[in-house]
1. Ala120 - would you say it is in contact with a Cys (Cβ under 6 Å, 6 or more places away or on another chain), surrounded by 14 or more Cβ atoms within 10 Å (Cβ to Cβ) and at pLDDT 95 or above?
2. State which residue pairs qualify: first residue of a type outside the set (Ser, Thr, Tyr) and inside segment 86-111, second residue surrounded by 14 or more Cβ atoms within 10 Å (Cβ to Cβ) and part of a loop (DSSP other than H, G, I, E, B) in any location, beta carbons under 7 Å apart, and separation of 6 or more residues or different chains.
3. In segment 1-114, which helices (runs of 4 or more DSSP H) lie fully inside it and hold 3 or more residues that are surrounded by fewer than 12 Cβ atoms within 10 Å (Cβ to Cβ) and among the aliphatic types (A, V, I, L, M)?
4. May I ask you to list the residues in segment 123-136 that are surrounded by fewer than 21 Cβ atoms within 10 Å (Cβ to Cβ) and either among the hydrophobic types (A, V, I, L, M, F, W, C) or at negative phi (or both)?
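The values are calculated or read from the model by the stated rules, or taken from the named source; none is laboratory data. Being a predicted model, the structure only gives us computed values, none of them experimental. Neighbour counts run over all protein chains shown; Cβ positions are idealised from the backbone, glycine included.
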Amino acid sequence: MNAFIRFYLLCAGIFLVFDLFWLLVVSKKMYQHFIGGLMGETKIVPAILFYLIYIAGVVFFVIVPGVEKGSLVYVLGSGALLGLICYATYDLTNLATLKDWPVMMTIIDLIWGMFVTAAASGITYWLNILLFGGNT
């Protein structure tokens with residue numbers, strides 16, 4: 001199997017488990033509290049597109065270079081940085097353009113983006129070593 005596809009499938013599964021737990025269990029009440037008036041019905045196609053694109057970026061910019069360098073530290077650091085950049089794009093744009101967008105939710109989302117991207121990247125890196133000997 002092509003390494004990119006292997007990394008993609010591993011990372012997608014891990015990221016999805018983390019993010020579904022976050023969205024359905026941890027943050028559901030927070031979002032309702034902070035932006036309940038803005039929330040509508042979830043549109044599945046844009047959500048799927050986000051995950052497909054985001055995971056491709058994580059694999060391309062974080063996991064592949066980290067595996068090539070043989071560095072978990074690189075994977076965790078660049079995963080956290082990419083998570084910060086991508087989640088900041090969404091949250092800081094909302095903070096800049098939407099009336100009453102909560103600063104606290106922005107901060108929480110930025111921390112979550114850093115954590116989930118670094119964690120999914122790190123676990124993918126580790127599973128690649130465990131299951132495939134660290135090969136690309």
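1. Details: in contact with a Cys (Cβ under 6 Å, 6 or more places away or on another chain): yes; surrounded by 14 or more Cβ atoms within 10 Å (Cβ to Cβ): yes; at pLDDT 95 or above: yes.
When the stated conditions are applied, Ala120 passes them.
2. Close Cβ pairs satisfying both conditions: Asn94/Trp101; Leu95/Trp101.
3. On the way: elements: 3-21, 28-35, 44-58, 64-69, 72-97.
So the answer is 44-58.
4. Ile123, Trp126, Leu127, Ile129, Leu130, Leu131, Phe132, Asn135, Thr136
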